[in-house]
Amino acid sequence: MNMILTLLILVPLVGAVVTAFLPSGQGQALAKQTALGFSLLTLVLGVVVAAQFTAGDGMQLTETYEWIPALGVHFALGVDGLGLLMVLLTVVLVPIVIVAGWGDADEGNTKAFFAWVLALEAMSLAVFLATDVFLFYVVFEATLIPAFFLIGGFGREGRGRAATKFLIYQLAGGLVMLASVIGLYVVSADAGTPSFLLSDLAALEISETAQRWIFLGFFIAFAIKAPMFPVHTWLADTTSKATPGTSVLLVCVLDKIGTFGMLRFCLGLLPDASQWATPVVIVLALISIVYGALVAIGQDDVLRLIGLTSLSHFGFIVLGIFVFNSTGASGAILYMVNHGLATALMFLVAGFLIKRSGTASIRAMGGVEKTAPVLAGIFLVGGLAAAGLPGLSPFVSEMLVIIGAFKYAWWVGAVAVLAIVLAAVYALWMYQRTMTGPARENVPVVSDLGGREVGILAPLLLALVLFGFYPMPLLDVINPDVEDTLTHVGVSDEAPTVVGDALEGGHK
């Protein structure tokens, strides 16, 4: 049996243990180098998984071992197109975060910082690869441990309170999900043989009432994780107090578990309940889109502003999922990847800016482009990507979601379009206040990015441009999964290949 997926999870987990227990006398540099080495090895394994994957062949590289036979629990792993993209996003971002955060860890706590980063990577990969609901729940909750210590142990003043708020919200969502996990067990036991395997559960006939109650438990947990209005208030506090690298892992990787779960569990296991809840979910998604953009406009803390833009972006992703057409769903999954790239770039550039200026206050900055033109230029690219500028990859996914929204109802698409205007406002106004005009008094002169920092950001910039002009490699992986999911839900329409070809400059 191919054990590449188990190895993919074990390597960062072993790396976390090794990094944490390095001899104290070896110095902090060894801990950083060890963590980076294990993260690069994990990246290589992720590439190997991608090389062995064939788009359109469903769940692949599966591993299944009995865990708790009496309850039908298995240690079961597998990867499909959605899982593969989330795995690749994770293994790419973690080495970038480690190099970018080389100086973020406090003296004496370096080992702990990078060990928790690797532990979070391992747990996140396990979530994206789990094909047993009970295993998914266990690792879903386990991600909170490294996340809590990364938020509470490193960052700015007030991080302890932010970490506690984060934990309370996430634990509450996990408890609600546990009720749904138990509900699935009862349903499978009543059908004959208890099982938590996704393949077994998808084949069950679940009553309408049971589907709706189980759906609510999963959706609430995933809405908190995503996050969505009105269970989003932990987001801004967390991103404003944690280190920029930690915010990248939380918003660009960990929060994707929410929308990943909606696709995998809500639509995959509970299709009738998902359609039943669609009107309410779409309204919540639209509120998240507009409210997140409006609140972001009024922020003074640059990290808090970037965090709140993600509330709007996750609203787009959820909207694409629940309009129930292939254009919207493909755009939603593509948005999950593109949001991770663009928001990671924004957080990291903002971190470099704050370190140089000594402040996160937007009104205290100004004139940065005069002394740091490279930093200002990359910051502008990140902002324009968040605003959906044509030529950058978020534009493609945003347009697909909006087209899918118009297919669902004209007024849904119209509200989504309004958010594009608001995004341009917060992105350009943030750039104007921080980078243009005269430099503020009592603020240090901001030096430009060095070669190491540009090298850190270069892969993200390259990906944003490459997938902006040529998105079909991603859509070729996404479209078969979308077709399978929507067929299971009872919807069938053509995948958005024409859109992709038009963006490539081709014709069909």
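The values are calculated or read from the model by the stated rules, or taken from the named source; none is laboratory data. Owing to the predicted nature of the structure, the values given are computational and were not obtained by experimental measurement. Every residue, glycine as well, gets a Cβ built from its backbone with ideal geometry; the counts of neighbours run over all protein chains shown. Protein only, heavy atoms only, side chains kept; ligands, DNA and RNA dropped before computing areas. Shrake-Rupley method; radii C 1.70, N 1.55, O 1.52, S 1.80 Å.
Quick notes on this one:
- The Cα-based radius of gyration and maximum Cα-Cα distance (Dmax) for the range 393-468 are 18.1, 53 Å.
- Computed about the Cα centre, the dipole magnitude for the chain is approximately 1700 debye when only Lys and Arg (+1) and Asp and Glu (-1) carry charge, each at its Cβ.
- The residue among Asn325, Ile4, Val445 whose Cα reaches farthest toward the positive pole of the charge dipole of the chain, with charges on the beta-carbon of Lys, Arg, Asp and Glu, is Val445.
- Full extension of the chain segment joining Val445 with Ala179 gains 90.3 nm, where the gain is 0.36 nm per residue of separation less the Cα-Cα distance.
- Shape call, the range 188-345: gyration tensor on alpha carbons, a/c limit 1.5: prolate
- Listed peptides 218-226, 329-337 appear in the order 329-337, 218-226 once ranked by packing, highest mean of other Cβ atoms within 10 Å at the front.
- Shape parameters for the range 96-155, alpha-carbon atoms, Rg then Dmax in Å: 13.0, 41
- Multiplying the residue separation of Glu157 and Arg212 by 0.36 nm and removing their Cα-Cα distance gives an extension gain of 15.6 nm.
- ³J(HN,Hα) computed for each position of the range 364-369 - Karplus, 6.51 cos²θ - 1.76 cosθ + 1.60, integer Hz, glycine/proline x: 8, 9, x, x, 5, 5
- Calculated diffusion of the chain, Stokes-Einstein form, Kirkwood radius summed over Cα pairs, 4 °C and 1.567 mPa s, µm²/s: 57 µm²/s
- Protection proxy ranking, peptides 480-486, 112-118, 29-35, average beta carbon neighbours within 10 Å, highest first: 112-118, 480-486, 29-35
- Placing +1 on the Cβ of every Lys and Arg and -1 on the Cβ of every Asp and Glu, with nothing else charged, gives the range 332-484 a dipole about its Cα centre of roughly 700 debye.
- Spin-label model, His488 to Val425: label points 7 Å out along the Cα-to-beta-carbon direction sit 4.0 nm apart.
- Expected-Rg normalisation [2.2 N^0.38 Å, Cα atoms] applied to the range 6-117: 1.27
- The calculated FRET efficiency for the pair Arg452 and Ala172, based on their C-beta separation and a Förster distance of 51 Å, comes to about 0.80.
- Full extension of the segment from Val47 to Val186, taken as 0.36 nm per residue of separation minus the current Cα-Cα distance, would add 46.2 nm.
- Panel note: the C-alpha atoms of the range 25-74, placed on their principal axes, show extents of 47, 34, 9 Å (largest first).
- Only Cα sites of the range 63-217 enter the Debye sum here, all with the same form factor; the resulting log10 I(q)/I(0) across q = 0.13 1/Å is -0.73, listed in q order.
- Rg in Å to one decimal, and Dmax rounded to a whole Å, for the range 294-419 via C-alpha atoms: 15.9, 49
- Simple spin-label estimate for Trp276 and Ile145 in nanometres, 7 Å along Cα-Cβ: 3.6 nm
- Debye-sum result for the range 102-191 in log10 I(q)/I(0), which assumes one identical scatterer on each alpha carbon, at q = 0.12, 0.16, 0.21 Å⁻¹: -0.47, -0.73, -1.02
- Once you reduce the range 250-325 and the range 358-408 to the center of their Cα atoms, the two points are 19 Å from each other.
- Positive-end residue of Phe222, Thr110, Ile182, charge dipole of the range 100-227 with Cβ unit charges: Thr110
- A simple packing score, the average count of other Cβ atoms within 10 Å per residue, orders the peptides 315-325, 392-402, 198-208 as 315-325, 392-402, 198-208, with the highest score first.
- Projecting the Cα atoms of Gly455, Leu84, Gly46 onto the charge dipole of the chain, computed from C-beta unit charges around the Cα centre, puts Gly455 farthest toward the positive end.
- Average projected area [Cα convex hull, the range 260-339], square nanometres: 5.3 nm²
- Approximate spin-label separation Ala409-Asn109, in nm, with each point projected 7 Å along Cα-to-Cβ: 4.8 nm
- Heavy-atom accessible surface of the range 229-295: percent carbon and sulfur, 1.4 Å: 73 percent
- Å² per residue, accessible surface of the chain at 1.4 Å: 36 Å²
- Counting only residues at least eight positions apart within a chain, or on another chain, the lysines with an alpha carbon under 17 Å from that of Lys256 are Lys225.
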